[in-house]
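Step one of this worksheet: look at the structure below.
The values are calculated or read from the model by the stated rules, or taken from the named source; none is laboratory data. Being a predicted model, the structure only gives us computed values, none of them experimental. Cβ: placed from backbone, ideal geometry, glycine included. Neighbour counts: every protein chain shown. What goes into the accessible areas is simple: the full protein's heavy atoms, side chains included, and nothing from ligands, DNA or RNA. Shrake-Rupley method; radii C 1.70, N 1.55, O 1.52, S 1.80 Å.
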Amino acid sequence: MASGAAPQPAPGRSTAQARARFRDGKAALIEHFRAARATAPAASRLLRGLTRHVDATLAALWLSSQMPPGAALVAVGGYGRGELFPHSDVDVLVLLPPAHGAGAAKAEIEGFITACWDIGLEIGSSVRTVDECIAEAQRDVTVQTALLESRFVCGSRRVFATFRVANTTAMDAKAFLVAKTLEMRQRHQKFEDTPYALEPNCKESPGGLRDLQTVIWVARAAGLGRNWTELAARGLITPFEVKQLQRNDGLLKLIRARLHMVAGRREDRLVFDLQTAVAESFGYVSTAHARSSELLMRRYYWAAKAVTQLNQILMQGIEEQVNGSQGAPMRPIDERFLDRAGMLEVASDALYERDPHAILATFLVYQRTPGIKGLSARTLRALYNSREVMNAAFRRDPVNRDLFRQILQEPEGQTHAFRLMNQTSVLGRYLWVFRRIVGQMQHDLFHVYTVDQHILMVLRNVRRFLIPEHAHEYPFCSQLAAQFDKPWVLYVAALFHDVAKGRGGDHSVLGAAEARRFCREHGIAREDAALIEFLVRNHLLMSRVAQKEDLSDAEVVRTFVQHVGDERRLTALYLLTVADIRGTSPKVWNAWKGKLLEDLYRIALRALGGAQPHLEAEIEARKLEARHLLNLASLPAGIETALWQTLEVSYFARHDAGEIAWHARVLHAQVRTREPLVQARTSSLGEGLQVLVYAPDQADLFARICGYFDSAGFNILDAKVHTSRAGYALDTFQIISPHLDLHSRDLIALVETQLAQALQAQGPLPEPKRGRVSRRVRSFPVAPRVTLRPDERAQRWLLGVSASDRTGLLYAIARVLARHHVNLQLAKIMTLGERVEDTFLVDGPSLQHNREQIEIETELLEAIAP
């Protein structure tokens with residue numbers, strides 16, 4: 001060391017101190033935020049504080065790295081906005097003067113970036129000259145957007161000023177608007193165009209922070225303003241809208257900041273695992289009627305809904321400014337509304353205050369006017385600012401009630417009209433009962449939408465039954481709907497079927513009372529009102545009977561038919577049930593559920609038509625049809641006799657003619673086989689496989705079959721189990737596999753070989769594997785439930801099992817039944833998303849004793865526990 005030189009700290013020690021300063025400073029800011037009340041100002045202080053802390057750290061590192069004197073450090077993206085969340089990316093641009101290339105100061109730049117990472121500041125960096133920035137921005141709108149929010153941190157102010165001028169000059173506002181609009185549309189589609197996902201992304205989902213940022217970006221690119229206050233000064237938004245934007249922007253930032261804090265990492269999704277912890281950090285407490293997470297999420301959904309509305313208003317307004325289309329000619333529709341290039345425009349900003357009836361008339365005109373595809377920014381703003389007009393007097397007004405009834409009874413347009421009414425808050429303001437379920441979560445493991453979105457999805461599904469373009473989806477439903485005299489009755493039932501959820505009590509009964517009140521207030525005829533009330537009260541009935549009860553039992557059919565009463569009610573209930581199940585989640589509906597519901601509809605229709613269930617005649621008809629099918633397959637007459645003589649009446653009652661013929665064709669030469677015989681075929685439903693198992697009966701046979709299907713990754717949808725007089729089990733399974741469509745022939749051969757081998761195995765049944773449960777099940781577990789009760793005739797027992805779904809569950813149940821020598825006759829497997837509701841028809845001597853019944857139920861509860 002030269003004489004007189006100041007002693008330099010060791011590099012390692014200096015880095016460690018810088019790392020500790022940065023870490024401790026950040027931790028102190030987050031801890032202060034954690035201890036403060038959960039308010040938007042507290043979140044703003046945190047974001048600004050983290051930004052300043054990073055600014056100071058980067059400036060110190062820049063100085064110590066001896067960066068070139070003509071270079072500048074520029075913050076871009078969210079960091080450039082000055083909104084740094086606890087675990088946000090820190091994006092920076094090292095801006096070089098024109099004379100320099102990245103190679104000229106390569107060592108210093110690499111040293112600076114390395115120093116950042118060494119102290120725990122994980123930056124995302126780019127190194128460019130001004131010209132390179134502009135060229136890259138022209139090629140990539142993401143880069144262009146990041147540079148739009150650039151902010152000087154340290155270094156040369158001159159080169160930064162040159163860059164800002166060049167970037168502003170190069171901006172093409174029209175092209176940028178088009179690009180960001182398309183980008184936003186694409187992003188919304190990724191999240192299914194709804195702010196109401198049960199695990200929304202508070203940054204990227206529709207109604208999230210990105211929607212607000214997009215508005216500012218396009219406004220800034222067009223020179224219309226850099227914040228809400230500047231947009232208001234230009235007349236683009238009203239003072240009331242400024243307050244709404246600031247309030248909802250603040251709430252979304254608060255939620256995102258708390259989410260980062262709770263997760264301890266960058267996490268922008270309000271996933272089930274974190275919702276409760278985030279809610280508790282807000283001070284929410286669970287009550288008997290609502291979880292703390294529900295209270296938080298409802299607040300989030302209301303904010304996201306408001307952001308969605310305001311985003312639409314502002315994006316349309318900015319588009320008109322940028323394209324200069326404010327003064328474009330408009331076609332008058334009537335004295336209150338105009339057609340602005342396919343968008344419905346109010347003739348006056350004060351229309352709704354002056355004429356409140358025009359609010360609902362907006363949606364009626366929207367339905368009736370060809371070529372109208374949406375509401376203009378002016379109309380959306382007028383609706384947004386007239387919410388106070390929609391008060392109790394507005395809801396009681398006979399003219400408004402007549403308008404609402406007309407919207408329901410129009411020949412078409414209900415799906416889009418009601419979606420628009422919900423998006424603009426008109427639906428909840430007019431139907432106050434609907435307002436209570438906007439943003440209401442459903443913790444039943446199979447609904448993937450909030451209650452209001454599910455209701456609108458069911459309405460859409462009913463409408464699609466009546467639209468010829470969708471007839472190929474559900475031909476039978478479309479055929480029935482085309483003959484239904486008053487489709488609007490189904491629309492009302494769809495609107496009210498779940499409207500009483502979240503109140504406690506039976507939502508079907510409470511909803512029926514709301515539907516009855518609505519019909520009375522809206523002058524709906526007594527007969528139609530009675531049908532609507534019936535549908536709402538019984539909207540779960542058909543699903544329960546079809547999926548849980550034995551449809552070959554005449555008593556089950558008779559009870560159902562007595563409850564339904566007539567063909568009109570039956571058809572309406574069938575259509576509503578299919579629409580309802582399809583509206584819960586894309587994963588819940590399958591062809592097998594469709595077949596069960598259609599079978600019940602046809603059986604009930606025959607009974608309603610006077611065809612009393614006559615089991616012997618029905619069985620003879622099926623046998624006759626099965627023989628006809630065997631003849632068509634060129635098989636000799638009488639080959640079925642040997643097998644049929646060994647089978648009980650219950651076998652013929654539970655299988656259709658096609659299945660009976662298939663079994664006879666496969667088994668006619670092997671009725672006395674000593675080896676297990678397995679045959680599979682592609683299901684006639686076009687979805688999944690049908691598997692036939694024929695083997696000498698043994699107590700654990702069903703359990704071994706379930707064990708194989710579980711281990712091979714198949715889901716069992718249905719099982720029909722029979723024991724012949726000769727002591728053989730003849731079991732038929734309906735199974736599905738996610739890989740079936742890829743190689744069904746190979747899969748059939750695999751099942752036939754491997755299942756036969758599994759059934760020949762000796763020794764005790766292996767212990768069931770307790771498969772892992774999903775995140776959603778962990779967050780909202782289903783309390784395991786077992787019910788055991790005698791059937792209508794007290795000859796057999798109905799065993800009901802409800803639990804969270806997991807691998808190995810059915811095998812665990814079957815193993816308990818085998819251990820207690822309980823005979824299974826019928827299994828109805830109902831998987832609702834991630835919850836199972838299974839029903840088994842069983843008998844056996846052990847069920848005749850109370851003590852053994854309790855043992856069986858206890859062991860089943862242990863087996864299905866997560």
query: For volume of the Cα convex hull per residue in Å³, which listed value, (i) 153; (ii) 177; (iii) 225, comes from the coordinates shown?
result: (iii)
- prompt: Any idea how far the Cα center of region 572-610 sits from the one of region 677-712, in Å?
  reply: 26
- request: Based on the mean of other Cβ atoms within 10 Å per residue, sort peptides 568-575, 588-595 so the most packed one is first.
  value: 568-575, 588-595
field: Only Lys, Arg (+1) and Asp, Glu (-1) charged, at Cβ; region 273-384 dipole about Cα centre in debye
entry: 140
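Given axes a ≥ b ≥ c from the Cα gyration tensor, I'd like to know whether region 659-722 is rounded (a/c under 1.5), prolate (a/b larger than b/c) or oblate. Please report the intermediate quantities before stating the final value.
Values: a/c = 2.13, a/b = 1.11, b/c = 1.92.
In terms of gyration-tensor shape, oblate.
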message: What whole-number distance in Å separates the alpha-carbon centres of region 382-419 and region 165-224?
response: 31
query: Angle between the Cα long axis of helix 292-323 and the longest principal axis of the chain, 0 to 90 degrees, nearest 10?
result: 60
task: Give me the accessible area per residue for the chain, probe 1.4 Å, as a whole number in Å².
output: 44
- prompt: So what are the ³J(HN,Hα) numbers for region 540-555, from phi and the Karplus equation (6.51, -1.76, 1.60; θ = phi - 60°), rounded to whole Hz, Gly and Pro as x?
  reply: 9, 4, 5, 4, 5, 5, 5, 9, 10, 10, 7, 6, 7, 8, 4, 5
query: Between region 309-348 and region 492-539, what's the alpha-carbon centroid distance in Å?
result: 38
query: Around R157, what is the net charge, scoring Lys/Arg as +1 and Asp/Glu as -1 over all other residues with Cβ under 13 Å from its Cβ?
result: +3
Residue-wise HN-Hα coupling along region 800-809, computed from phi with Karplus coefficients 6.51, -1.76, 1.60 (Hz; x: Gly, Pro): x, 10, 10, 6, 5, 6, 6, 4, x, 5
- prompt: Among residues other than L755 whose Cβ falls under 13 Å from its Cβ, what is the net charge (Lys/Arg +1, Asp/Glu -1)?
  reply: -3
- prompt: Net charge near P764, counting Lys/Arg +1 and Asp/Glu -1 over other residues with Cβ under 12 Å of its Cβ?
  reply: +1
message: I'd like to compare 386-399, 639-652: which one has the highest average count of other Cβ atoms within 10 Å, and what's the full order after that?
response: 639-652, 386-399
task: Indicate the gyration tensor shape class of region 556-690 (rounded, prolate or oblate), computed on the Cα atoms with a ≥ b ≥ c the square roots of the eigenvalues: a/c under 1.5 is rounded; otherwise a/b larger than b/c is prolate and the rest oblate.
output: oblate
query: For T723, which sequence-distant residues (separation of 5 or more, or a different chain) have an amide H within less than 5 Å of its own amide H, given hydrogens modelled in the peptide plane?
result: L730
- prompt: Expressed as a whole percentage, what fraction of the accessible surface of region 300-339 belongs to carbon and sulfur atoms when a 1.4 Å probe is rolled over the protein heavy atoms?
  reply: 51
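Please get the size of the charge dipole for the chain, origin at its Cα centre, with Cβ charges of +1 on Lys and Arg and -1 on Asp and Glu, quoted in debye to the nearest 20.
Its charge dipole is roughly 2580 debye.
Pull up the DSSP beta bridges for the chain and report the antiparallel fraction as a percent, rounded to 5.
85
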Accessible-area composition of region 349-430, carbon plus sulfur, in percent [1.4 Å probe]: 50
- prompt: Once the Cα atoms of helix 173-190 and of the chain are each reduced to a long axis, what angle between those two axes, in degrees from 0 to 90 to the nearest 10, is obtained?
  reply: 30
statement: Normalised Cα Rg of region 105-216, dividing by 2.2 N^0.38 Å with N its residue count, works out at 1.32
message: Pairs of alpha-carbon atoms within less than 8 angstrom and 6+ residues apart define the contacts here; what relative contact order does region 823-866 have, in percent?
response: 28
Cα-centred dipole magnitude for region 362-486, charges only on beta-carbon of K, R (+1) and D, E (-1), debye, nearest 20: 480
